[in-house]
Structure formats: C-alpha cells, structure tokens
1. Being part of a loop (DSSP other than H, G, I, E, B) and within 16 Å of Arg75 (Cβ to Cβ) is the filter; apply it to the range 27-55 and report the residue that is nearest to the chain's Cα centre (by Cα).
2. Can you find, within the range 1-26, the residue that is surrounded by the most Cβ atoms within 10 Å (Cβ to Cβ) among those that are part of a loop (DSSP other than H, G, I, E, B) and in contact with a strand residue (DSSP E or B) (Cβ under 9 Å, 6 or more places away or on another chain)?
3. Confirm whether Asp85 is closer than 20 Å to Lys160 by Cα and free of Cβ contacts under 8 Å to residues at least 24 places away in the same chain.
4. Looking at the range 215-225, which of its residues are surrounded by fewer than 19 Cβ atoms within 10 Å (Cβ to Cβ) and either among the aromatic types (Phe, Trp, Tyr) or free of Cβ contacts under 8 Å to residues at least 40 places away in the same chain (or both)?
5. With respect to Phe211, determine if the residue is within 23 Å of Trp67 (Cα to Cα), touching a Phe, Trp or Tyr at 6+ places or on another chain (Cβ under 9 Å) and either buried (at least 20 other Cβ atoms within 10 Å of the Cβ) or not polar (S, T, N, Q) (or both).
6. Can you find even one residue in the range 68-85 that is within 17 Å of Gly16 (Cβ to Cβ) and aliphatic (A, V, I, L, M)?
7. Assess whether Val20 counts as being over 25 Å from Leu92 (Cβ atoms), β-branched (Val, Ile, Thr) and at pLDDT 95 or above.
Amino acid sequence: MTIKDSEMAELSTPTGPMRVHLFRPQAPGKYPGVVLYSEIFQATQPIRRTAAFLAGHGYVVVVPEIWHEFEPAGRILAYDQAGADRGNALKLEKELRGLDGDSRASLDFLKAHPNCTGKLGVVGICIGGHLSFRAAAKNPDVLAAVCFYATDIHKGSLSKTGDDTLACAKDIKGELLMFWGRQDPHVPLEGRKKIYNALCELNVNFTWHEFNGQHAFLRDEGPRHDPALALQCQLMTLELLHRRLGEGDQPVAPAGPAESKH
C-alpha cells in the first residue's frame, strides 16, 4: 500500500525533547504500531527505507532520534569512520534512563495515535537491535520484538551507567525474533552463545536465526549488504508482526459499476 513518510513529531522524554519520524499507510483506518530503532547513525536513508517497507505492509512506524540529548534534531551521522566513532562514543554517554524513557515515549505516542490499533511491536538494527530487546524487557505491552545483529548485549557495555539488558530478559512478555551473522565481528560466537543460553535458561519465547552474513547485511547501502538474506529476514519479520499484532482495519470501498469484484 502507499504510505505517508514525511511526518515528524517532537516527544517529551525524561532527558529532553526527542524528534521521531513517522511512516504510515495512506489509506484511512487503524494499523498496529512499530518502533523502529536505528543503527548508531540515526535516521539514514537505509533506515527510512526500512521504515517505509514496514509501513507499506500495514504498520504505523516511528523512528526515534536516539541521540537527541547530544545532537541537534535531524542530525544524521555519515556511514564513515568519523560517523562510527561519534555514534560509538554516544552510546557510552547515554544513560539507561534515557534509553528506556525514549522507548516508553515512542510506544505511548504510537498507542495514542489515531491511526494505531494500540497493538505494539519493536524492530531494531545493530544498537537498535539492543534497544528493541531492551524495550521488550522493560515494556510488557510490546507483543513482538525483532533484533538484527544486536550489539553490546553480550558485553553489557551500553551506557555509562551500567548495562543490565541481558539480566532483564526474564521480564520479556512478548515474542522475540533474533537474527545474527556468523561473520559479524561485533557479536562473536562466544557472545551469541551467552545470549542464547540466557534466553533458554529464562524460558523466553524466542526464535533464533544465524546466517553466513556480515554485520549490516540488512543495510541496503555498502559492500556488506546481502539482498537475498535481507529479504528472507524481512519476510520473517513480517510474519511475526502480522501474527502477534494482528491486522489493521483498513476500510474497503465497495466496487463501482465499472469495477470487477475480485
């Protein structure tokens, strides 16, 4: 379906105002809501295309600017060494209360949106995968969480105030879907084993997929992109979201006299 992709809103959070980018179906009606957490580079064009992909399949999607305390609204970090260095520095500066407050503000915004059914899910990429995992643990109204090669969970190294994300996994009420690349140096085999074993021991409802892929295989820009693998994971993402969040209630116009009904 066609979408609207140029809307923005400013949300109040415990650590200051935060801009979110809104993507939603153009057709009237109510649709489930999804928070899409970006990589460390914020709302880049690949992230916007991922949001548009989800919205086009019947979701109201918000993309929060995760570094709103440190960068002016609208700032996008470049996919280069300087951008990576800046993003990696900021993930150590941000406090956990800021991360959790941003998630709650984004979820509340979706829940109150006139085009949202109130059924909520989260999807995240790289650090966003970590934030998606954490949002599911901290917010019981998150029914489905998708994590693409989530960084730092195994190290507990997110935020200067100490990272308890993996310990919080026991509080996940929804269903978790996790994707990993075996050739990803950011989450080596030992790290993946640590996360997998913790989820099993805590009896979390999750599905786990490892592929021969590199970090950032989903990003449709740059040499590490794997289009076939990305599509496979996107389809599994949609299956989980459709199953756990349900369908929207898009009204269907009756066929006119010159139209066939099919």
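The values are calculated or read from the model by the stated rules, or taken from the named source; none is laboratory data. The structure presented is a predicted model; accordingly, all values stated were derived computationally and were not measured. Neighbour counts are summed over all protein chains in view; Cβ atoms, including those assigned to glycine, are modelled from backbone coordinates with ideal geometry.
1. Pass one, the range 27-55, residues part of a loop (DSSP other than H, G, I, E, B): 27-30, 38-44.
With the extra rule that they be within 16 Å of Arg75 (Cβ to Cβ), the set shrinks to 38-44.
Values: Ser38: 7, Glu39: 9, Ile40: 12, Phe41: 14, Gln42: 12, Ala43: 12, Thr44: 14 Å.
By that ranking, first place goes to Ser38.
2. Going through the qualifying residues, I end up with Met1.
3. Considered against the rule, which asks whether it is closer than 20 Å to Lys160 by Cα and free of Cβ contacts under 8 Å to residues at least 24 places away in the same chain, Asp85 comes out as yes.
4. Pro223, Arg224, His225
5. Judged against the criteria, Phe211 is not a match.
6. Yes: one or more hits.
7. No.
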